[in-house]
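Okay, so here's the structure we're looking at.
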Amino acid sequence: MRTPALALCCLLAVACGGDFSNDDLEFQNALPQREDLAAKLPDSARSGQGLGTRNQRLSASLVLGGTSELALQAYQEGTRFNTSVDSLLALLELFRNAPPTTRETDRRIWGPFPSDDHPGHELRFVMERQDASFEYLLQFRPRGGGEDAWWTYLPGTFKADGGIRKGTGTLALDLKAARAHGMDTGDANTVDRLDIDYQTKALPTRVELLFTGAGATTPNTRYASRQTPEGLGEMAFRLPSTDLIPGGLLETLDILARWTPDGRGVLVLNILDGDAKGAQYTECWDTRTRITFMQRNWDFITPTEGDRRTCPDVSALDPKP
């Protein structure tokens with residue numbers, strides 16, 4: 001996703017190397033980093049081991065001992081999740097690494113700077129603190145405009161709780177506002193808004209990513225990621241318009257996938273709409289992404305295949321009572 005602020009790199013590089021006060025560091029620590037929000041993928045997924053396709057037919061892929069196409073699909077969605085998160089955090093990193101232009105007791109401002117990507121415009125980054133809560137805004141305005149000319153492209157919040165970068169936070173990209181102000185949003189022109197909601201104060205940590213499509217009033221695509229310090233990872237996501245079951249209708253799928261650091265995993269798939277609405281499928285796979293166990297709620301003759309004992313223990317990700 002192309003972002004309007006990337007031209008700041010050179011400008012802020014000039015400011016890097018300045019002095020940071022302890023108070024400055026408190027503001028900086030209110031900004032999330034990639035390791036706080038990225039989905040935890042197994043080594044095999046991070047190295048690009050077959051990422052699958054979105055149009056795999058369920059009946060064609062359910063073979064005990066065969067490659068789990070659904071596991072590969074889950075890894076692919078995790079990679080897409082991380083790419084979207086990186087797009088937002090790349091903007092914040094520009095300001096984390098430079099001292100503020102203006103310091104006030106509970107306020108820091110970076111800029112204004114000219115926006116090279118958008119001639120005739122300038123931008124600034126503003127952070128405000130109230131007790132343990134922070135609010136930050138990446139804003140643009142026409143060059144020479146007054147205070148009321150600023151409009152917000154990236155809003156964010158953070159409430160500290162439990163240590164450095166521990167707490168709850170939100171951040172977003174207002175792509176609809178960017179286009180309304182004449183900015184090119186590149187390959188994100190079908191999205192009005194991208195929101196992230198996260199908590200890092202308790203284990204397992206959780207990050208939710210929401211896409212609001214152009215013209216939509218509420219988010220229509222959701223991803224959620226959770227992880228534990230031991231390296232267990234989880235992705236929950238919804239895939240609309242997927243041709244998973246042979247027939248005349250496309251499916252809407254809800255998928256919950258969990259995996260261990262060595263690549264073993266468990267996945268539960270529910271079909272919400274389309275052919276075989278109401279069907280549920282569960283499978284487990286080994287370190288080579290081969291199916292070791294399958295369960296189908298629609299098959300009364302052979303509802304299960306394989307050995308359930310091959311499924312990894314991912315109970316640390318279960319919701320706490």
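The values are calculated or read from the model by the stated rules, or taken from the named source; none is laboratory data. Fair warning: this is a prediction, and the values are worked out from it, not measured in the lab. Methodologically, a virtual Cβ is constructed for each residue, glycine included, from the backbone with ideal geometry; neighbour enumeration extends over all protein chains shown. Protein only, heavy atoms only, side chains kept; ligands, DNA and RNA dropped before computing areas. Shrake-Rupley method; radii C 1.70, N 1.55, O 1.52, S 1.80 Å.
Applying a threshold of 25 Å to the alpha-carbon distances of LYS176/LYS201; LYS166/LYS320; LYS277/LYS320; LYS40/LYS201; LYS40/LYS320 flags LYS176/LYS201; LYS277/LYS320 as lying beyond it.
Could you tell me whether the range 79-237 comes out rounded, prolate or oblate from its Cα gyration tensor? Rule is a ≥ b ≥ c as square roots of the eigenvalues, rounded for a/c under 1.5, then prolate if a/b exceeds b/c, otherwise oblate. Oblate, since a/c reaches 1.5 and b/c is not below a/b. Only alpha carbons enter this Debye calculation for the range 199-321, each as an equal point scatterer, and the log10 of I(q)/I(0) it gives at q = 0.09 Å⁻¹ is -0.31. Which one is right for this structure if Rg/Rh (Cα atoms, Kirkwood Rh) is calculated from it: (i) 1.04; (ii) 1.15; (iii) 0.99? It is the value labelled (i).
Annotation for the range 284-314: trypsin sites (Lys or Arg not before Pro) lying in DSSP loop with at most 15 further Cβ atoms inside 10 Å of their Cβ are ARG288.
Split the accessible area of the chain by element, probe 1.4 Å, and carbon with sulfur accounts for 51%. For the range 26-42, the Karplus equation 6.51 cos²θ - 1.76 cosθ + 1.60, evaluated at θ = phi - 60°, returns couplings of 5, 5, 4, 6, 7, 8, x, 10, 4, 5, 6, 10, 5, 5, 8, 9, x Hz by residue, with Gly and Pro reported as x. Comparing THR289, THR190, THR79 in a Gaussian network model of the chain (Cα springs below 10 Å), the most mobile by mean-square fluctuation is THR190.
For the chain, a simple Cβ point-charge model (Lys and Arg +1, Asp and Glu -1, everything else neutral) yields a dipole of about 340 debye relative to the Cα centre. Heavy-atom accessible surface of the chain, averaged per residue, reaches 46 Å², computed with a 1.4 Å probe.
Computed 3J(HN,Hα) for the range 284-301, one whole-Hz value per residue from the Karplus formula 6.51 cos²θ - 1.76 cosθ + 1.60 where θ = phi - 60°, is 10, 9, 9, 5, 9, 6, 9, 5, 10, 7, 9, 9, 10, 6, 9, 9, 8, 8, glycine and proline marked x. Per residue of the chain, the DSSP helices (runs of n ≥ 4 H) give a summed -39500 (n - 2.57) that works out to -5500 deg cm²/dmol at 222 nm.
Summary of the geometry: the range 227-273 and the range 103-142, compared by the centres of their Cα atoms, lie 39 Å apart. Placing +1 on the Cβ of every Lys and Arg and -1 on the Cβ of every Asp and Glu, with no other charges, gives the range 184-321 a dipole of roughly 420 debye about its Cα centre.
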